Ligand SMILES: [Zn+2]
Ligand SMILES: [Zn+2]
């Protein structure tokens with residue numbers, strides 16, 4: 001978990017601080033405005049200036065004493081200190097800030113909408129950080145008990161599902177994640193880019209001892225290729241459906 005303190009993003013001093021030693025839990029927010037994605041290499045400058053802009057908006061636009069949230073999380077999973085722990089937020093709505101602290105994901109209504117694994121991991125880290133500093137177990141969305149769409153559908157679904165840390169994919173899962181799903185018919189059309197994936201498939205089948213008859217087009221997922229795939233799948237105790245998905249790729253690549 002990486003937390004950038006206020007000094008790390010050049011926060012302005014708060015006009016005043018209202019202490020809140022403990023609360024029932026944490027409410028999750030999103031920025032809600034259009035949010036543009038920042039490359040990871042530009043996090044230290046790009047996300048930093050976003051945090052500064054939020055504080056400017058809250059202090060100069062809304063006239064609040066400080067940035068509203070206790071903690072913020074950027075798309076790279078970095079936690080940015082807002083008001084910090086054991087301080088009352090201004091994010092949950094009038095009269096609702098004594099029960100919950102507030103964490104905010106830098107997600108929007110357009111542009112960056114879907115929470116990345118890094119964001120969810122960061123949010124979980126932010127919630128745990130506050131729990132160790134006075135927050136109770138409750139994790140809710142801003143919309144719970146307040147008329148707002150915040151924190152947006154994807155994030156709210158995550159909150160409702162228990163706000164759990166995303167499961168880290170194994171490297172084999174990562175490796176096959178972007179491989180194409182191939183089935184009979186792939187590569188039939190001349191400009192089908194999957195022709196090269198079929199060729200890779202045929203080469204792997206050959207290497208595993210399941211060659212296709214010589215003279216067969218190696219760039220087309222034909223009946224002959226399907227038969228070789230089925231035979232391979234049977235040997236590997238996979239469902240012999242002649243569909244090459246993550247399980248069959250994993251077996252072919254011996255991952
Ligand atoms: Zn909100
Ligand atoms: Zn970032």
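Could you tell me how many of the residues in region 24-46 are under 20 Å from residue 140 (Cα atoms) and either outside the structural domain of residue 126 (by TED's automatic domain parsing) or more than 16 Å from ligand 1 (Cβ to nearest atom) (or both)? Can you show your working first?
Within region 24-46, the subset under 20 Å from residue 140 (Cα atoms) is 24-32.
Checking which are either outside the structural domain of residue 126 (by TED's automatic domain parsing) or more than 16 Å from ligand 1 (Cβ to nearest atom) (or both) leaves us with 24.
The total comes to 1.
Among the residues of region 220-255, count how many are without any contact (Cβ under 8 Å) to a residue 60 or more places away in the chain and under 20 Å from residue 172 (Cα atoms). Working first, answer last.
Just the residues of region 220-255 that are without any contact (Cβ under 8 Å) to a residue 60 or more places away in the chain, to begin with: 220-242, 247-248, 251-252, 254.
In the following step, the residues that additionally are under 20 Å from residue 172 (Cα atoms) were identified as 232-233, 236-239, 247-248, 251-252, 254.
The total comes to 11.
Is at least one residue of region 59-66 more than 13 Å from ligand 2 (Cβ to nearest atom), assigned to a loop (DSSP other than H, G, I, E, B), touching a helix residue (DSSP H, G or I) at 6+ places or on another chain (Cβ under 9 Å) and within 17 Å of residue 4 (Cα to Cα)?
Going residue by residue through region 59-66, those that are more than 13 Å from ligand 2 (Cβ to nearest atom) are 59-66.
Then drop every residue that is not assigned to a loop (DSSP other than H, G, I, E, B), which leaves 62-66.
Narrowing the set further to residues that are touching a helix residue (DSSP H, G or I) at 6+ places or on another chain (Cβ under 9 Å) leaves 64-66.
Okay, now just the ones that are also within 17 Å of residue 4 (Cα to Cα), so 66.
Yes, the conditions are met somewhere in region 59-66.
For region 38-51, what are the residues that are touching a residue at least 12 places away in the same chain (Cβ under 8 Å) and buried (at least 16 other Cβ atoms within 10 Å of the Cβ)?
38, 43, 47, 48, 50, 51
The rows are residues; the columns are (1) closer than 30 Å to residue 254 by Cα; (2) within 16 Å of ligand 2 (Cβ to nearest atom); (3) more than 17 Å from the chain's Cα centre (by Cα); (4) loosely packed, with under 12 Cβ neighbours inside 10 Å.
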residue: 133; (1), (2), (3), (4): no, no, yes, no
residue: 136; (1), (2), (3), (4): no, no, yes, no
residue: 140; (1), (2), (3), (4): no, no, yes, no
residue: 143; (1), (2), (3), (4): no, no, yes, no
residue: 146; (1), (2), (3), (4): no, no, yes, no
residue: 158; (1), (2), (3), (4): no, no, no, no
residue: 166; (1), (2), (3), (4): yes, no, no, no
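Pull up region 113-124, narrow it to residues that are modelled with pLDDT of 95 or more and either surrounded by 20 or more Cβ atoms within 10 Å (Cβ to Cβ) or more than 19 Å from the chain's Cα centre (by Cα) (or both), then point me to the one that is farthest from residue 31 (Cα to Cα).
124
Among the residues of region 145-179, what is the count of those that are over 14 Å from residue 30 (Cα atoms) and either modelled with pLDDT of 90 or more or assigned to a loop (DSSP other than H, G, I, E, B) (or both)?
16
State the number of residues belonging to region 7-54 that are away from ligand 2 (no atom under 16 Å from the Cβ) and part of a helix (DSSP H, G or I).
The number of residues fulfilling the criteria is 1.
The values are calculated or read from the model by the stated rules, or taken from the named source; none is laboratory data. Computed from a prediction, not measured in an experiment: that's the story for all the values here. Positions of Cβ are backbone-derived with ideal geometry, glycine not excepted, and every protein chain shown enters the neighbour counts.
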